[in-house]
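Notes for the one structure printed next.
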Amino acid sequence: MSGDDALLARAHDWLADDPDPDTREELDAVLAAVADGDADAAADLADRFAGDLAFGTAGLRGRLGAGSNRMNLAVVIRCAAGIAAWLRETTGDDGARRGVVICFDARHRSADFAQASAEVFAAAGIRALVLPGPLPTPVLAFAVRHLG
């Protein structure tokens, strides 16, 4: 399998598992452009799957869009599931009872990503508190300390 074939297979696998109709439609359009020989679309597709979006000190940040190297619902859900598994493994029932605090800002889709994260934590049996409205990061730090 060539690199191009592997990239296309990865993109099609992503497309099949993407829970968001908007990013599925977006990726479908990119794949159609690639199939039509659009070099810019091919470069865009390669960038979308160049790796996994990294979780840094400010959380998940990146360009919005479909793909593992973009900020989207699928990436957020996978990240929240990983954090939930880690929390369960390292803190057990105490961590699940104490829960997590989720905050969001005013960026596009931020509230959607917060809600999806809360649903993942709740499904894992972890109490999830979502702060109301877009708030600055220091409010989250305060809430974590205040709520224990």
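The values are calculated or read from the model by the stated rules, or taken from the named source; none is laboratory data. Because the structure is a prediction, the values reported are computed rather than measured. Quick reminder, even Gly has a Cβ in these numbers, built from the backbone with ideal geometry, and neighbours come from all protein chains shown.
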Out of V120, V144, sole residue that is at pLDDT below 95 and closer than 17 Å to T91 by Cβ: V144
Output for the range 31-66, where each listed residue is within 19 Å of the chain's Cα centre (by Cα), at pLDDT 95 or above and farther than 13 Å from A11 by Cα: L64
Residue list for the range 103-134, filter: closer than 25 Å to R63 by Cα, small (G, A, S), buried (at least 18 other Cβ atoms within 10 Å of the Cβ) and in contact (Cβ under 8 Å) with a residue 24 or more places away in the chain: A116, S117
First in the range 66-80 and over 22 Å from A42 (Cβ atoms), second anywhere and assigned to a helix (DSSP H, G or I) and of a type in the set (D, E), Cβ under 9 Å, 6 or more apart: L73/D22; L73/D112; V76/D112; I77/E119; A80/E119
Qualifying residues in the range 11-26 (those that are over 26 Å from D105 (Cα atoms) and touching a Leu at 6+ places or on another chain (Cβ under 8 Å)) - the one surrounded by the most Cβ atoms within 10 Å (Cβ to Cβ): A11
Unmet requirement for V100, which otherwise passes all of (1) of a type in the set (A, V, I, L, M, F, W, C); (2) in contact with a Lys or Arg (Cβ under 8 Å, 6 or more places away or on another chain); (3) over 30 Å from L7 (Cβ atoms); (4) exposed (fewer than 15 other Cβ atoms within 10 Å of the Cβ): (4)
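With the structure loaded, tell me whether A84 is among the small types (G, A, S) and either closer than 29 Å to A6 by Cβ or modelled with pLDDT under 95 (or both) or whether it fails that test. Steps first, please.
Numbers: among the small types (G, A, S): yes; either closer than 29 Å to A6 by Cβ or modelled with pLDDT under 95 (or both): no.
Spelling it out, it is not the case that A84 is among the small types (G, A, S) and either closer than 29 Å to A6 by Cβ or modelled with pLDDT under 95 (or both).
Considering only residues that are touching a helix residue (DSSP H, G or I) at 6+ places or on another chain (Cβ under 6 Å) and closer than 15 Å to G133 by Cα, which ones fall in the range 89-115?
Applying the first criterion (touching a helix residue (DSSP H, G or I) at 6+ places or on another chain (Cβ under 6 Å)) to the range 89-115 yields 95, 100-104, 113.
V101, I102, C103, F104, F113 - these are the residues of the range 89-115 that are touching a helix residue (DSSP H, G or I) at 6+ places or on another chain (Cβ under 6 Å) and closer than 15 Å to G133 by Cα.
In this structure, does V144 turn out to be closer than 24 Å to D20 by Cβ and in a helix (DSSP H, G or I)? Steps first, please.
Numbers: closer than 24 Å to D20 by Cβ: no; in a helix (DSSP H, G or I): yes.
No: the conditions fail for V144.
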